[in-house]
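Heads up, the thing below is written out as structure tokens.
What follows is calculated from the coordinates using simple rules that are stated; it is not laboratory data. Just so it is clear, the structure is predicted and the values come from calculations on it, not from any experiment. Positions of Cβ are backbone-derived with ideal geometry, glycine not excepted, and every protein chain shown enters the neighbour counts.
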């Protein structure tokens, strides 16, 4: 079985991906600034926007696990502020965590990924295609992550496949879900972390060996729904 690194894997979607991979018999390494609540992953305290910390993380995997079959670039943060109030420092911090970290992780892990003929999954967002007010930094970072995905797929192919999942509204347990939240989705419900975890596990597996450079939007159909009111 393989060894997989999940950034931002202490909670939410990242934690469920780590759990899903572990249940499939893989070894997992979770890189996060927050300590995971549980699970079978080896946890590493790491700011994945910091090149030095990423280099140390990958060196640790090379030493301890001795291989790397895949990376899930899931680390993300949002600052929701009116455009006029968003500082350049805040803008840069969001892009560093959401976008630059993926570049750093894949660059540092490329040698092991090539050796394993591995795979990368980036976790973008349906917000790469649509927006709410006051989310400029987040939307830009996720749009950039989508473009980075296909660039990496071309640069690293055929040795390494790189694909993107763009989740929509996913219930991570932090906010209560109302009945109307589900019924507005064409799929009839809000997404679950398990939905994304199983999709990520598939894209990392040999079953998806003909898929690279792709984006899969997992949003219950919301980006295909007209919302004009008569």
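Below, the figures for the structure above:
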{"item": "Relative packing of peptides 140-148, 89-97 - highest average C-beta neighbours within 10 Å first", "result": "140-148, 89-97"}
{"item": "Relative packing of 74-85, 14-25, which averages over residues the other C-beta atoms within 10 Å, highest first", "result": "14-25, 74-85"}
{"item": "Shape box of segment 70-178 [Cα atoms, principal axes, largest first, Å]", "result": "45, 35, 21"}
{"item": "Relative contact order of the chain, defined on C-alpha pairs under 8 angstrom at six or more residues apart (%)", "result": "20 percent"}
{"item": "Alpha-carbon centroids, segment 188-230 and segment 1-68: separation in whole Å", "result": "23 Å"}
{"item": "Degrees, to the nearest 10: 101-116 long Cα axis against longest axis of the chain", "result": "40 degrees"}
{"item": "Relative packing of peptides 66-72, 121-127, 182-188 - highest average C-beta neighbours within 10 Å first", "result": "121-127, 66-72, 182-188"}
{"item": "Options [x] 30, 22, 14; [y] 28, 20, 17; [z] 84, 14, 10 - which one matches semi-axes √(5λ) of the Cα gyration tensor in Å as calculated here", "result": "[y]"}
